[in-house]
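A.B. asks: For reference, the structure I am asking about is given below.
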Amino acid sequence: MWTDNETEHDYLNFGSVAKTVSQVIEDANEKPVSIGVSGAWGIGKSSMIKLIRNELKKSDESQSSGENKYVFVEFNAWLYQGYDDARAALIEVVASTLLKEAEARQTGLDKAKDLLVRVDWFRAIKMTANTAISLGLVLPPVGLVIELIDTGERLVHGDVDQSDLQMAEDVAQKVSGNAKSLISPKRITTPPQKIEALRQSFEETLQDMGVTLVVLIDDLDRCLPETTISTLEAIRLLLFLKHTAFVIAADDQMIKHAVKRHFQGIEDEIVTNYFDKLIQVPIRVPPLGTQEVRAYMMLLYVENSNLSDDQKESLRLGVCEQLSKTWQGKRVDLKFLRELNVELPDELVAKLDEADRLAPLMTSATGISGNPRLIKRFMNALSIRMAMAKSQGVTVDEASLAKILLFERCGNPKAYAELIKAVTESDDGKPIFISLWEESISTGNTPELNAPWDDAFALEWLRLSPQLGGQDLRGALYVSREHAPLITPADRLSPEAAEILQAYLEHPDMASSTREQLQNIQKPELSVIMDRLLAKAHQEQEWGTPPILDPCILIAQTDPAQAQRLVGFLKDRPAAQVKASIVPKLDGETWAISLFDYWLDDEDVGKPVKNSINSRRNNGNLTIK
């Protein structure tokens, strides 16, 4: 499995871009600079941010002075959304970071403390978008005016207590500028002057400390328009001050959408200008081609292999160097990795070969389009299904399963349904109609595909090895059955029973709503439904009240034979998985009595379970043995 987080390891030769960005910041020589790192969701912006920071740290470490010249602030506005005002939060995080750094350096400490006091004032005025406009027009902050009016109304109507009186005093202090703990003691009377003093305080703090502040903004395009605009306004407040560098990672199209949504009615040209004025140096994360996708998948497999860290790093460096030469026609493939003087185990070679073959489709398929995050999720899904197959003793070829998963994710859903139907209706689980197309392709011809297979993706997918037409695919589809129940000819269900089964698999917690429908289902079909439910229940690792238990109980209540099957299944669960919360869930079912007796006699079953059973029996809730 691979985590869905940003990485500090460069798998895509993004290091060259990160070095360029860090060089721009260094060359600015303490002059203000703002850099926009744009790109679509999941393309690698967050990883680029990490790489840029690492490059600047390397530059710091190479300095002979011994003190770092960069102070970093990483800010994720998405984490504050709904909990705090992003504008105030960003400024406070920056000020707090500078104070901590000043304390460590023992330089610029007074300036840093003064800065934090001014930030307290900034937070106290509860700025909204309208407040910001008021400040620009030298008007009292709207938030304070409204707060004063609301407090005054409560005083006039006489519905007050001590907290209201305190609130009135606090509001009056804010408006009059006498809240000593919230503003600088310096006599600055108008909000624009205070904001200018805040900017000057930031600049003076950085000057005294002799550092450049590097603010790294991430996940801005995940935020709601209000949070996005708040963060941009905070950036604008600190932007273009000496000794500052802002690196903003976001999808520029999403930012422009937020601006247009927030400032309704403005023209597209103004929207573009708003963002462009914030960004001096726009950099776009390059889209991935087939070579990059192949390299990325291979290095992910290398990451999860048993190779030593030195061997992994050697392969990574070799791949990144080769990626920088792909414009010359160089390739990153299995042949190239074999030439890097690292002994590759057979299991890893099989996975690298799989990545080699899948990369072209991963690049071109509209459902993935070379997106690193989607590629990683695809590989995680494949890993989970292989683990399911192993745990249930189902023999599945990983390459075949990967090909099926790819079609499930990116192919025509109707075509995928046809594939499932062909497999389940075949006595040997082989989709014969596919083998005819694959045979035509193997002879160099292009078969004429009928609907719903008549698209470019299906044709490229058929060309992908291994060939599936001659394989028994029932095992591969069995471990993929969360999307479609696998029904063999012997298990064929009526439309009503199939609908209930599908509902149970997708929404087991809604099982009670089907109680009336279940009365019309024949017993052989109930047995098939229970088969599928218990197959899915095998995936549960804790037996308290998992959702899948609800439809199982409902079937058991409908058919005594299925009740005994459920009892047998629960008896087979490892004792450590059985939790006390399952006891009241089964309370009142006569068929559960033997199960409770079994758990009481099992010395491995935990005391909480046994105590729950005994407690309910002592209270007369359970039939005594």
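A.B. asks: What's the magnitude of the charge dipole for region 392-492 around its Cα centre, counting Lys and Arg as +1 and Asp and Glu as -1 at the beta-carbon? Answer in Debye, nearest 20. List each step's numbers first, then the result.
C.D. replies: Numbers: 9 positive and 16 negative charges, 43 e Å.
Dipole about the Cα centre, nearest 20: 200 debye.
A.B. asks: Amide H to amide H, which residues 5 or more places from residue 34 or on other chains are under 5 Å from it, using H placed in the peptide plane?
C.D. replies: Amide H neighbours of residue 34: 246, 280, 281.
A.B. asks: Which whole-Hz couplings ³J(HN,Hα) result when phi for each residue of region 395-411 is put into the Karplus expression 6.51 cos²θ - 1.76 cosθ + 1.60, θ = phi - 60°, listed in order with x for Gly and Pro?
C.D. replies: Couplings: 7, 9, 7, 4, 5, 5, 5, 4, 5, 5, 4, 4, 5, 4, 7, 10, x Hz.
A.B. asks: Cα extents of region 222-324 along the three principal axes, largest first, in whole Å?
C.D. replies: 56, 33, 24
A.B. asks: Could you compute the FRET efficiency for residue 498 and residue 448, with r as their C-beta to C-beta distance and R0 at 35 Å, rounded to 0.05?
C.D. replies: The pair residue 498/residue 448 has a calculated efficiency of 0.60.
A.B. asks: Per-residue HN-Hα couplings for region 566-573, Karplus 6.51 cos²θ - 1.76 cosθ + 1.60 at θ = phi - 60°, whole Hz, x for Gly and Pro?
C.D. replies: Calculated HN-Hα couplings, in order: 5, 4, x, 4, 5, 5, 7, 5 Hz.
A.B. asks: Mean separation of Cα pairs under 8 Å and 6+ residues apart, divided by the residue count of region 494-618: what relative contact order is that in percent?
C.D. replies: 22
A.B. asks: Given H placed 1.01 Å from N in the peptide plane, which residues other than close sequence neighbours of residue 212 have an amide H under 5 Å from its amide H?
C.D. replies: Amide H neighbours of residue 212: 70, 71.
A.B. asks: I want to check the label-to-label distance for residue 412 and residue 577. Put each point 7 Å from Cα in the C-beta direction and report it in nm to one decimal.
C.D. replies: 4.1
A.B. asks: Cα gyration tensor of region 348-427, axes a ≥ b ≥ c as square roots of the eigenvalues: rounded (a/c below 1.5), prolate (a/b > b/c) or oblate?
C.D. replies: Since a/c reaches 1.5 but b/c is at least a/b, the shape of region 348-427 is classed as oblate.
A.B. asks: Shifting gears a bit: Once you put a point 7 Å from the Cα of residue 20 and another 7 Å from the Cα of residue 395, both along the Cβ direction, what distance in nm separates them?
C.D. replies: 5.2
A.B. asks: Can you tell me which aspartates and glutamates have their Cα less than 14 Å from the Cα of residue 58? Leave out same-chain residues fewer than eight positions away.
C.D. replies: 8, 26, 67
A.B. asks: Between residue 616 and residue 538, what FRET efficiency follows from the Cβ-Cβ distance if R0 is 22 Å, with the result rounded to 0.05?
C.D. replies: With a Förster radius of 22 Å, E is 0.20.
A.B. asks: Here's a follow-up. Test of the criteria: in region 408-470, which GluC sites (Glu not before Pro) are in a DSSP loop and have at most 10 other Cβ atoms within 10 angstrom of their Cβ?
C.D. replies: Filter output for region 408-470: 448.
A.B. asks: Do any GluC sites (Glu not before Pro) in region 199-269 lie in a loop, going by DSSP, with at most 11 other beta-carbon atoms within 10 Å of their beta carbon, and if so which?
C.D. replies: Those satisfying the criteria are 267.
A.B. asks: Sticking with this structure for a sec: Would you mind checking 571/607; 31/260; 45/335; 113/242; 57/111 for any pair whose Cα atoms are more than 22 angstrom apart?
C.D. replies: Flagged as over cut-off: 31/260; 45/335; 57/111.
A.B. asks: How large is ³J(HN,Hα) for each residue in region 303-313, as worked out from phi by the Karplus curve 6.51 cos²θ - 1.76 cosθ + 1.60 (θ = phi - 60°), to whole Hz, x for Gly and Pro?
C.D. replies: 4, 8, 7, 8, 5, 6, 4, 5, 5, 4, 5
A.B. asks: Sequence neighbours fewer than 8 away in the same chain don't count; with that in mind, list the lysines whose C-alpha is under 28 Å from residue 421.
C.D. replies: Answer for residue 421, where 28 Å is the Cα cut-off: 390, 403, 430, 523, 536, listed by chain and number.
A.B. asks: Follow-up question, since we're still on this one. List every residue whose amide H lies under 5 Å from the amide H of residue 578, counting only residues 5 or more places away in sequence or on a different chain, with H placed 1.01 Å from N in the peptide plane.
C.D. replies: 543
A.B. asks: For region 494-618, would you read off the P(r) tail past 25 Å as a percentage of all alpha carbon pairs?
C.D. replies: When all Cα pairs of region 494-618 are counted, 23 percent exceed 25 Å.
A.B. asks: Order of 17, 24 from fewest to most other C-beta atoms within 10 Å?
C.D. replies: 24, 17
A.B. asks: For region 494-618, with the dipole built from +1 on Lys and Arg beta-carbon atoms and -1 on Asp and Glu ones, taken about the Cα centre, which of 535, 578, 507 lies farthest toward the positive end?
C.D. replies: The residue sitting most towards the positive pole is 578.
A.B. asks: Measuring from label point to label point, each 7 Å out along Cα→Cβ, what is the residue 257 to residue 276 span in nm?
C.D. replies: Spacing of the two 7 Å Cα→Cβ label points: 2.2 nm.
No value in this document is a laboratory result; all are computed from the given coordinates. Computed from a predicted structure; not experimentally measured. Counting neighbours? That spans all protein chains shown, and the Cβs are built from the backbone with ideal geometry, glycine included.
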